[in-house]
Structures are given as C-alpha cells and as structure tokens.
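As structure tokens, the structure follows; a few thoughts come after it.
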Amino acid sequence: MHEPIRFQHAPGNDGGGEKAPNPGVLPKHIDLKKDTALTIHWSDGRVSIYPIAYLRKLSPSAEAKELRKEMARNPLTVLPASAGQAGGAGSLTAEAIELVGNYAVRLRFSDGHDTGIYSFAYLRQIDPNQPENRPTVP
C-alpha cells in the first residue's frame, strides 16, 4: 500500500502570479492516496473524493478530450491500451502529483499519462460527490 502524498495549499499564495479561476473557493488540503483516490478539502467546507480511475477517465488533456468526443459519436470506438489501465497489468494508480501555479494540479498515472492539468475549477465541476456527476462505472 502506498503512503498518501499530502500538501497544504495556502490561500493567498500567488503561486508565481497565476490567478485561480474562482479565487473564493480554493483547496485547503489535498491528499493523494496513490492506489485509491484524491481527496480535496475546499475552503468552503466541501470535501471531494475523486477515485483514481475516474480522474484518469476525465483527464482534461487534449488527447483524452478527443477520445471522449469520438466515443460520444461512435460507441464502438476502440480504446487505446493505455486508456484507464496500467499497461494491462494490475490496477491503475496515480504515481505523482504536482501543484501547477495557484490554479491546478498535474497527475502522473501508472499507465504513463501525465499531460492533463486539472484546474481547481475543473475539479469542482467534475466532483463525483455531486449527484449529477456520480460515476456509473467504478
């Protein structure tokens, strides 16, 4: 089992000059358990728990967005071998997380995907704890 990766984000820290899309709601605490989920405690009191596979599936990278569009157009789309699996062996994990300025995090997954930058606004939008966003597939 992996040890969680934790870091505190201090509101008001400009992180190199970037401005958060919604400066009123920022993460107070981010906790990544590599083999299960990313947990964010927001400044407004909400706690969001994002399963690793859910984050990988909803990666904001250009490649993942195009794949989702293609799947919406054609339900018989053949998925790349790396889409959501760790090279076909074992379960998907998050291997690393890094803060990107004052507005986002970047995750590196065990399948090699690391091009998605998850803005805090996007993470709020895809919060699986909200009824309209609850995943139907684990």
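The values are calculated or read from the model by the stated rules, or taken from the named source; none is laboratory data. All values reported here derive from a predicted model rather than from experimental measurement. Virtual Cβ from ideal backbone geometry, glycine too; neighbours counted across all protein chains shown.
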- Task: Take the residues in the range 115-138 that are modelled with pLDDT under 90, surrounded by fewer than 18 Cβ atoms within 10 Å (Cβ to Cβ) and under 17 Å from residue 64 (Cβ atoms), then tell me which one is farthest from the chain's Cα centre (by Cα).
- Result: 137
- Take the residues in the range 79-106 that are over 18 Å from residue 26 (Cβ atoms), modelled with pLDDT of 90 or more and hydrophobic (A, V, I, L, M, F, W, C), then tell me which one is nearest to the chain's Cα centre (by Cα). 94
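Anything in the range 100-124 that is of a type in the set (Gly, Ala, Ser) and out of contact with any strand residue (DSSP E or B) (no Cβ under 6 Å at 6 or more places or on another chain)? List them, or say none.
101, 112, 116, 121, listed by residue number.
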- Query: If you go through the range 46-61 one residue at a time, how many are under 15 Å from residue 121 (Cβ atoms) and over 9 Å from the mean Cα position of the chain (by Cα)?
  - Reply: 2
- Message: of a type outside the set (D, E, K, R), surrounded by fewer than 17 Cβ atoms within 10 Å (Cβ to Cβ) and modelled with pLDDT of 80 or more: is that true of residue 47 in this structure?
- Response: yes
